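Here is the structure we will look at, set down as structure tokens.
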Amino acid sequence: MGEEGTEGTVHLLCLAASSGVPLFCRSSRGGAPARQQLPFSVIGSLNGVHMFGQNLEVQLSSARTEDTTVVWKNFHDSITLIVLSSEEGTSELRLERLLQMVFGAMVLLVGLEELTNIRNVERLKKELRASYRLVDSFLGDSERIGDLTQCVDCVVPPEVSLLQEALSGFAEAAGTAFGSLVVSGRVVAATESWWRLGTPEAVLLPWLVGSLPPQAARDYPVYLPHGSPTVPHRLLTLTLLPGLELCLLCGPRPPLSRLDPQLLDRWWQPVLDPLRTCVPLGPRALPAGFPLHVDVLGLLLLHLELKRCLFTVEPSGDQEPSPEQRRRLLRSFYSLVTAAHFPPEPGTPEDKAEDAAQRAQVPRACYLVSGPEEPGTGWRLVALQLGPRRLLLLVSAQSPTHGLRSLATHTLHALTPLL
């Protein structure tokens, strides 16, 4: 298993499906945004071979060369997205979900009507510039994983009940049922209505907030790709503490001016100390002092029914591999086990029926040793599924292979009350 995201280049192409006109091209190299652009002849060839297949009623979805993976996807017979990746270990699953997130981001900020009924290509190009920052965040190395898992990145604060009560009260006073607290693009707490948001907006909204530059307050127009793709809503954000933002999703009301300092102080001043404990939770995800085995170097916990996840590579942070390598290893392992061992997360009713039929054949655990094969070297990766929860662990070389399942089971039981 290669480390997904190691040195390589990713090119993302967006074209009008009917004319083949490029709408934008975004690139990253080594996980950072790059200005490198593909020649127009290459773009035309990639789109041409896809259209050629369509004319013959053949669906071309992916292709591989010695060092590059290419994935095509058409949306609503109007937009074609193409991604090319030369990153080591890149999986087709990762690229397919990348394209789904990119199109979701385009709908979120432009609206489905503009994308499916293209009247003026040049105007659409200008409107799509608003999505560049969000799209670029999917191409680079992120500390979050919701773009791949399609689950909401969450953190667990020590006093979540106090924050939940304050959030619900503030949202009601502001006149909306949709509210959340977001730290570094991860959800700390949310109202029941916010949690009921569909995919992909439940993932995209906190990701959008995490990708924007710091600002005291925002009134941001957004569409909901699943719930309201043609009628815009307003995303109001207020910075409570550096890195910690209060988000409200609403219609024409309330005006941002209604959220005055007196209303904020009334609800948030009494919980200022619990709010402060949330700020460092971004990359750590778990409360300080949470008991994890010393051999655990990183973990990903998914609740497949709630569509939420916890992702951290902070435990034992002074050991090798580096946090960046840990994230890449866990992302690659997730892609591997999801594509090869565990079924995809249930989505449509047809998917759920198929999953139910195959459940008796689904493995409950698997492991992989990455790196040198000598005893005491390399890193162990183990995946365990119990009910709606799936746990992936990155474990140090000192941990014996025969004890991986026991370690994963114990860790999952400890984490279950949190998610």
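Residues checked against (1) surrounded by 19 or more Cβ atoms within 10 Å (Cβ to Cβ); (2) under 24 Å from residue 308 (Cβ atoms); (3) over 21 Å from the mean Cα position of the chain (by Cα):
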residue: 115; (1), (2), (3): yes, no, yes
residue: 118; (1), (2), (3): no, no, yes
residue: 127; (1), (2), (3): no, no, yes
residue: 135; (1), (2), (3): yes, yes, no
residue: 140; (1), (2), (3): no, yes, no
residue: 148; (1), (2), (3): yes, yes, no
residue: 153; (1), (2), (3): yes, yes, no
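Residue-by-condition table, conditions (1) out of contact with any His (no Cβ under 8 Å at 6 or more places or on another chain); (2) at pLDDT 95 or above; (3) hydrophobic (A, V, I, L, M, F, W, C):
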site	(1), (2), (3)
112	no, yes, yes
145	yes, yes, yes
153	yes, yes, no
176	yes, no, no
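Applying the criterion of at least 2 residues that are at pLDDT 90 or above, under 26 Å from residue 417 (Cα atoms) and open to solvent by less than 50 Å² (accessible area, probe 1.4 Å) to the helices (runs of 4 or more DSSP H) found wholly in the range 276-379 leaves 323-340. Of everything listed in (1) over 19 Å from residue 85 (Cβ atoms); (2) touching a residue at least 24 places away in the same chain (Cβ under 8 Å), the single unmet condition for residue 11 is (1). Inside the range 91-143, residues that are in a loop (DSSP other than H, G, I, E, B) and not charged (D, E, K, R) make up a count of 7. For the range 219-274, taking the residues that are under 21 Å from residue 192 (Cβ atoms) and hydroxyl-bearing (Ser, Thr, Tyr), the one that is surrounded by the fewest Cβ atoms within 10 Å (Cβ to Cβ) is identified as 228. Among the residues of the range 392-414, just one is open to solvent by 50 Å² or more (accessible area, probe 1.4 Å) and of a type in the set (Gly, Ala, Ser), namely 406.
Residues are listed down the side, and each one gets a yes or a no for (1) surrounded by 15 or more Cβ atoms within 10 Å (Cβ to Cβ); (2) modelled with pLDDT of 90 or more; (3) under 25 Å from residue 326 (Cβ atoms):
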site	(1), (2), (3)
18	no, no, no
23	yes, yes, no
39	no, no, no
80	yes, yes, no
86	yes, yes, yes
98	yes, yes, yes
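Among the residues of the range 184-221, those that are part of a strand (DSSP E or B) and either under 17 Å from the mean Cα position of the chain (by Cα) or among the small types (Gly, Ala, Ser) (or both) comprise 186, 187, 188, 189, 190, 217.
The values are calculated or read from the model by the stated rules, or taken from the named source; none is laboratory data. What you see is a predicted model; the values in this text were computed from it and never measured. Cβ sites come from the backbone with ideal geometry, for glycine too, and all protein chains shown count toward neighbours. All accessible areas refer to the heavy atoms of the entire protein, side chains included, with ligands and DNA or RNA removed. Shrake-Rupley method; radii C 1.70, N 1.55, O 1.52, S 1.80 Å.
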